[in-house]
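Take a look at the structure below.
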Amino acid sequence: MAGNIDPTVLAYGHEDEYYVPQPSRWPLLTALSAATLVSGMFLVFNGVAGGLIVLLLGLAWQLANMYGWWRDVVRESESGSYRTWEDVSFRWGMAWFIFSEVMFFACFFGALFYARGVSVPDLASEISRTVWPGFQATWPTMGPYRQVDFETIPAFGIPLLNTAILLLSGATITAAHWELRRNRRGPLAAWLAATILLGIIFLALQAAEYVHAYQDLNLRLDSGIYGSTFFMLTGFHGLHVTIGVLSLIVILARCMNGHFTPAKHFGFEAVAWYWHFVDVVWL
């Protein structure tokens with residue numbers, strides 16, 4: 001009879017069983033820390049005294065929650081609590097999460113295209129000229145409220161270099177996945193480390209680009225519709241790269257501790273999916 005049983009069942013338990021974890025404090029704590037972090041950001045943006053302290057406290061609290069929650073999930077995974085049904089659930093959950101992220105960025109892209117293709121021409125139309133005389137439908141623009149000269153960042157230079165870096169990181173994470181499927185731990189760790197390094201270089205170059213935009217180009221977050229959409233899109237993308245780098249560091253630590261097998265490594269795959277999503281959004 002054993003020959004007719006799925007090896008997964010022998011290794012992880014019965015197919016009709018589904019692991020239900022104990023009630024967790026992490027969702028509530030993470031929500032509270034995220035609220036603290038966002039509140040600190042709003043305070044800083046509006047120049048309120050003490051806003052930076054609130055922001056840093058929220059960030060530290062968020063990182064502590066991430067560590068605790070990931071630690072518990074890793075322990076559950078390594079204890080053999082997750083079986084086939086859990087694996088299917090995780091894959092669907094990650095797929096829907098990435099879809100929600102696609103919609104998140106689609107909203108900002110939609111706002112950018114609407115402003116450029118609809119709002120700006122409408123503000124320069126014959127009807128609107130009585131309200132905004134002299135406004136020209138040119139792009140980029142700050143809008144009709146006030147005019148301050150600023151320069152844009154060309155596609156070549158740092159943006160092109162960062163594009164090449166992210167594309168290369170997509171290749172290195174794929175190479176790491178191949179090595180994991182072959183159960184070659186040394187090359188696996190090397191390719192993962194290379195991916196992390198490329199992500200850090202990307203973030204450093206983007207930070208330098210932001211400094212250049214503020215100091216030399218007068219391109220700021222308050223530079224009208226162009227500045228706000230530019231920094232919102234690239235800034236949120238940078239946040240996602242940061243989250244991806246942190247996730248890759250966790251996965252690298254797990255791989256170096258002997259976690260994952262060639263047949264059972266969804267934790268690795270989930271981070272790889274996320275990283276490829278980050279690549280596509282940048283393009």
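The values are calculated or read from the model by the stated rules, or taken from the named source; none is laboratory data. What you are looking at is a predicted structure, and each value in this text was computed from that prediction instead of being measured. As a convention, Cβ positions derive from the backbone with ideal geometry for all residues, glycine included, and neighbour counts pool all protein chains shown. Calculation scope for accessible area: heavy atoms of the full protein, side chains included, ligands and nucleic acids excluded. Shrake-Rupley method; radii C 1.70, N 1.55, O 1.52, S 1.80 Å.
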Contact list, first residue from region 181-192 and open to solvent by 50 Å² or more (accessible area, probe 1.4 Å), second anywhere and part of a loop (DSSP other than H, G, I, E, B), beta-carbon distance below 8 Å, six or more apart or interchain, is 181/262; 182/262; 183/261; 183/262; 185/258
Tell me, which helices (runs of 4 or more DSSP H) wholly within region 38-151 include 1 or more residues that are closer than 29 Å to residue 271 by Cβ and open to solvent by 80 Å² or more (accessible area, probe 1.4 Å)?
-> 51-78, 84-114
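Tally the residues that are under 21 Å from residue 269 (Cα atoms) and open to solvent by 30 Å² or more (accessible area, probe 1.4 Å), restricting the search to region 152-170. Explain how you work it out, then say what you get.
As a first pass, look at region 152-170 and keep what is under 21 Å from residue 269 (Cα atoms): 165-170.
Cutting the leftovers down to open to solvent by 30 Å² or more (accessible area, probe 1.4 Å) gives us 167-168.
Number of matching residues: 2.
Take residue 160 and tell me if it is in contact (Cβ under 8 Å) with a residue 12 or more places away in the chain and in a helix (DSSP H, G or I). Lay out the reasoning, then the answer.
Values: in contact (Cβ under 8 Å) with a residue 12 or more places away in the chain: no; in a helix (DSSP H, G or I): yes.
Here the answer is no, as residue 160 does not meet what is asked.
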Just give me the residues in region 216-254 being of a type in the set (Ser, Thr, Tyr), under 15 Å from the mean Cα position of the chain (by Cα) and open to solvent by 30 Å² or more (accessible area, probe 1.4 Å), in sequence order.
-> 242
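Can you tell me which of 174, 152, 138 is free of Cβ contacts under 8 Å to residues at least 40 places away in the same chain and among the polar types (S, T, N, Q)?
Numbers: 174 fails: free of Cβ contacts under 8 Å to residues at least 40 places away in the same chain; 152 fails: free of Cβ contacts under 8 Å to residues at least 40 places away in the same chain.
Checking each option against the conditions leaves just 138.
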Residue among 217, 221, 180 that is among the hydrophobic types (A, V, I, L, M, F, W, C) and in a helix (DSSP H, G or I) = 180
Please name all residue pairs, on different chains or six or more residues apart, with Cβ atoms under 6 Å, provided the first residue is in region 255-278 and is open to solvent by less than 50 Å² (accessible area, probe 1.4 Å) and the second residue is β-branched (Val, Ile, Thr).
-> 268/251; 271/251; 272/173; 275/173; 277/98; 278/241
Output for region 58-90, where each listed residue is touching a residue at least 60 places away in the same chain (Cβ under 8 Å) and within 18 Å of the chain's Cα centre (by Cα) | 66, 70
